[in-house]
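Novice: Pasting a structure here, questions to come.
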Amino acid sequence: MRTGITAAGLRRLYTDLHKTDIEIAEFFGVDRTTIVHMRKSHNITSRKTIGEIGEEMVVKELKSRGYLVRNMNDEDKLHPFDLLVNENLRIEVKSSTLSKDNGFTFSLSEKPSNKNVESENRIRLASGRTKKLFRKTCDLMIFVGIEDNGDCHFYLIDPYDLDDGLSVLRAPLNPSSKSKYNKGRENWSLLQKNSLMRQHQTGF
């Protein structure tokens, strides 16, 4: 199919200008898969998602603190949690860029079109969206807020502190905010606390 776009043009749009596959496809009047196939044929590497960038930041931070970390998504994209720390602590990572209200908005649910089914670890919300019950699948959640300049902020939260019906979590950029989630900001002591609790539960 002739799209009118050259390899150099596609590289500039996708790599330099950070246009999405959908945006490029809409501009040239083709479907998204055509652009994806074109990128692959021209060896234009897919950009990392915000989720992948957040996971990498958490892994780097944990390793700098002396923890052994396995990224479970490298083994199985459908794994129930993201990171395994010291072969013991199960961690879920959520990432977000800075929003217009000068905070970070983290989605905790999935849209109906994802076709996720209800199970003992997943519920359906009144909105029709589905949500994983994180208290059943992980021992600690780490929310990564990423600013435009690359600075990141970590919010560590016990999954039992999140209501099952919570669909979106908003964490403030301002450290002096009275948001209840600020108590988890850079609270790395939760790693050891929750790891000890996990050892007590499992005997390992």
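Novice: Of the residues Ile157, Ile91, only one is modelled with pLDDT of 95 or more, touching a Gly at 6+ places or on another chain (Cβ under 8 Å) and not basic (Lys, Arg); which?
Specialist: The match here is Ile157.
Novice: Report every pair of residues separated by at least 6 positions or lying on different chains whose Cβ atoms are under 9 Å apart, first residue within segment 114-130 and under 15 Å from Asp163 (Cβ atoms), second in a strand (DSSP E or B) and of a type in the set (A, V, I, L, M).
Specialist: From segment 114-130, no pairs qualify.
Novice: Now a separate question. Condition check: surrounded by fewer than 16 Cβ atoms within 10 Å (Cβ to Cβ) and in a helix (DSSP H, G or I). Does Ser113 satisfy that?
Specialist: yes
Novice: Sort out for me the helices (runs of 4 or more DSSP H) sitting completely within segment 1-53 that have 2 or more residues that are farther than 30 Å from Asp76 by Cβ.
Specialist: In segment 1-53, 7-11, 21-28 are the helices (runs of 4 or more DSSP H) which contain 2 or more residues that are farther than 30 Å from Asp76 by Cβ.
Novice: I'd like the full set of residues that are hydrophobic (A, V, I, L, M, F, W, C), farther than 29 Å from Ser179 by Cα and open to solvent by 30 Å² or more (accessible area, probe 1.4 Å), limited to segment 52-108.
Specialist: Leu68, Leu78
Novice: While we're looking at this one, here's another question. Answer yes or no as to whether Asn86 is of a type outside the set (Lys, Arg), in contact with a His (Cβ under 8 Å, 6 or more places away or on another chain) and touching a residue at least 12 places away in the same chain (Cβ under 8 Å).
Specialist: no
Novice: Checking the conditions here, which among Asn102, Asn121, Asn71 is in contact with a Leu (Cβ under 7 Å, 6 or more places away or on another chain), at positive phi and of a type outside the set (Ser, Thr, Tyr)?
Specialist: The unique qualifying residue is Asn102.
Novice: Of all residues in segment 169-190, how many are open to solvent by 50 Å² or more (accessible area, probe 1.4 Å) and in a strand (DSSP E or B)?
Specialist: The total comes to 1.
Novice: Of these, Ser167, Ser119, Ser179, which one is out of contact with any strand residue (DSSP E or B) (no Cβ under 6 Å at 6 or more places or on another chain), more than 19 Å from Ile53 (Cβ to Cβ) and among the small types (Gly, Ala, Ser)?
Specialist: Testing whether each residue is out of contact with any strand residue (DSSP E or B) (no Cβ under 6 Å at 6 or more places or on another chain), more than 19 Å from Ile53 (Cβ to Cβ) and among the small types (Gly, Ala, Ser) leaves just Ser119.
Novice: What about Arg124, is it in contact with a Gly (Cβ under 8 Å, 6 or more places away or on another chain) and open to solvent by 60 Å² or more (accessible area, probe 1.4 Å)?
Specialist: Here the answer is no, as Arg124 does not meet what is asked.
Novice: Asn149 fails exactly one of the following numbered conditions: (1) out of contact with any strand residue (DSSP E or B) (no Cβ under 7 Å at 6 or more places or on another chain); (2) more than 20 Å from Ala171 (Cβ to Cβ). What is the number of that condition?
Specialist: In the conditions (1) out of contact with any strand residue (DSSP E or B) (no Cβ under 7 Å at 6 or more places or on another chain); (2) more than 20 Å from Ala171 (Cβ to Cβ), Asn149 misses (2) alone.
Novice: Are any residues in segment 133-160 surrounded by fewer than 21 Cβ atoms within 10 Å (Cβ to Cβ) and closer than 19 Å to Lys111 by Cβ, and if so, which ones?
Specialist: Result: Leu133, single match.
Novice: Still on this structure, please answer the following. Only residues that are in contact with a helix residue (DSSP H, G or I) (Cβ under 8 Å, 6 or more places away or on another chain) and of a type outside the set (Phe, Trp, Tyr): list them for segment 66-80, please.
Specialist: Val69, Asn71, Asn73, His79, Pro80
Novice: Go through the residues of segment 22-43 one by one and say whether even a single one is within 20 Å of the chain's Cα centre (by Cα) and open to solvent by 90 Å² or more (accessible area, probe 1.4 Å).
Specialist: Scanning segment 22-43 turns up no residue that is within 20 Å of the chain's Cα centre (by Cα) and open to solvent by 90 Å² or more (accessible area, probe 1.4 Å).
The values are calculated or read from the model by the stated rules, or taken from the named source; none is laboratory data. Please read these numbers as outputs of a predicted model, since none were measured by experiment. Glycine gets a Cβ as well: all are built from the backbone with ideal geometry, and neighbour counts include every protein chain shown. The accessibility values were calculated without ligands, DNA or RNA, using every heavy atom of the protein model including side chains. Shrake-Rupley method; radii C 1.70, N 1.55, O 1.52, S 1.80 Å.
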